[in-house]
1. Against the longest principal axis of the chain, how steep is helix 358-369, in degrees 0 to 90 to the nearest 10, with axes from Cα atoms?
2. Using helices alone, what [θ] at 222 nm do you get for the chain, with -39,500 (n - 2.57) per DSSP H run of 4 or more residues, divided over all residues and rounded to the nearest 500?
3. Given 0.36 nm per residue, what is the gain on full extension from residue 83 to residue 349 after removing their alpha carbon distance, in nm?
4. Along Cα→Cβ, 7 Å out, is where each label goes; now give me the distance between the ones at residue 315 and residue 181 in nm to one decimal.
5. Cα-Cα over 23 Å: which of 3/180; 180/203; 3/76; 3/89?
6. Under the 0.36 nm per residue contour assumption, what length would be gained going from the current alpha-carbon distance of residue 160 and residue 27 to full extension?
7. Using θ = phi - 60° and the Karplus relation 6.51 cos²θ - 1.76 cosθ + 1.60, list the HN-Hα couplings for region 238-253 in order, rounded to whole Hz, with x at every Gly or Pro.
8. How far apart, in nanometres, would the label points at residue 374 and residue 188 be if each is projected 7 angstrom from Cα along the Cα-to-Cβ direction?
Amino acid sequence: MSKLRVMSVFGTRPEAIKMAPLVRELAGREEIDSLCCVTAQHREMLDSVLEVFHLRPDWDLNIMTPRQTLSTITSKCLTGMDEAIDALKPDLILVHGDTSTTFAGALSAFYHQIPVGHVEAGLRTYDKYSPFPEEMNRKLVSAIADLYFCPTENNRQNLLREGITQGLFVTGNTVIDALKTTVRKDYHFTTEILNQLPYDSKKVLLVTCHRRENYGEPMRNIMLALREIAENNEDVELVYPVHLSPVVREAVDQYLRGAPRVHLIDPLAADEMHNLMARCYLVLTDSGGLQEEAPALGKPVLVLRRETERPEAVAAGTVKLAGINRETIVAMAEELLHSTGAYAAMAHAVNPYGDGFACRRIADAILWHFGRGERPEDFRG
Ligand code: UD1
Ligand code: UDP
């Protein structure tokens, strides 16, 4: 029997971090040819992940331009994918999550009548414009996909409610598989400032913020709240690896740069980021991935958004929605800085998003779908 040609398509930093362990797992299966096509919707931030996880793409669309629009990303991906599919001739295309690369990758597979596996399927906020455009991207991919790899049972239930009943698997999130390979107690940072931070004597706050729906007024509020937190608390060191988006960089420069105890640094490599998270006191973020990683490391998270598609860690008590209002963000952070009870109530490790074996389940599910193995047991968080 010839090998199954499984092509993983991704383009941004979070997709790469979450797909890297899967590309590796698939490559380790003798029934599978694991192919990797990157759109490079992100360039530097993608290349950094490829380096950390030692991945060499078979195809690179190299589409990124400064201040790219949703339409240009999507159209360039679609055009580029035609060539990649013609050259690599996959039997199955895997896409991840909810970016423009994800949507265009799935749509392109459909145009070529190639089945689609959606990794990280079934997340929903039910607000069309938040997160934007991610909520619509994942809904559109749900309509196209044939296999759905849901991180949690809750995600599977979301799809069932939409009438999607076939091809569903609960696998856990592959980000936990990735995290298992990067976090080390004796990790030495290559970013020197991170070796020097006083993790024991002070409270290190880890911040990220980049979402499109936060552009403008919300991002201004968030930056001013972060400034206030740093100004008010001498025992705090705030570390913010700033996303390369020029829109984000402008907001940071305008409202946060120059504040005391604030370290604005370039995006970190994934292993640096994961180990920093493992050592910090508190995470403030609008990122999706950080909401999954920090709970596994026992770190409380304040989410700088109005809603979340990741309610599992909120239910487990390690994540709280802080919103986009300046006073509320400051008040919620201050509580976690000053009340040991409030902090202890959130700072416990939980793993609602996975046990580190998501990639194994996904590979097994693919082989089962093509009649070449047993159906895997679902992940039960
Ligand atoms: C994208 C995803 C978002 C995801 C985020 C992860 C879409 C629409 N958005 O948003 O879902 O949460 O990635 O970070 O798919 N840039 C660089 N170098 C890089 C990366 C970005 O210079 O390595 C700059 C470029 O000017 C680029 C801009 O950032 O045009 C924005 O990148 P883009 O992928 O369009 O949006 P993100 O906000 O990164
Ligand atoms: N991350 C990283 N370096 C950074 C910031 C984030 O490696 O400087 C990692 C983070 O640990 C997580 C992923 O990137 O695995 C999240 O990406 P991002 O926040 O850009 O996107 P989202 O998850 O919101 O889509």
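Read-outs throughout are calculated quantities, based only on the coordinates presented, and are distinct from any laboratory measurement. All figures in this text were calculated on a predicted structure; none of them were measured in a lab. Cβ: placed from backbone, ideal geometry, glycine included. Neighbour counts: every protein chain shown.
1. 20
2. On the way: 16 runs with 171 residues, N = 381.
Here the helix-only value at 222 nm equals -13500 deg cm²/dmol.
3. The residue 83-residue 349 span can extend by a further 91.3 nm.
4. About 3.0 nm, to one decimal.
5. 3/180; 180/203; 3/76
6. Numbers: separation 133, 0.36 × 133 = 47.88 nm, distance 3.11 nm.
Here the answer is 44.8 nm.
7. For region 238-253, the Karplus-derived couplings read 9, 10, 10, x, 8, 3, 7, 4, x, 5, 5, 4, 5, 5, 5, 4 Hz, x marking Gly and Pro.
8. The two pseudo-label positions are separated by 4.4 nm.
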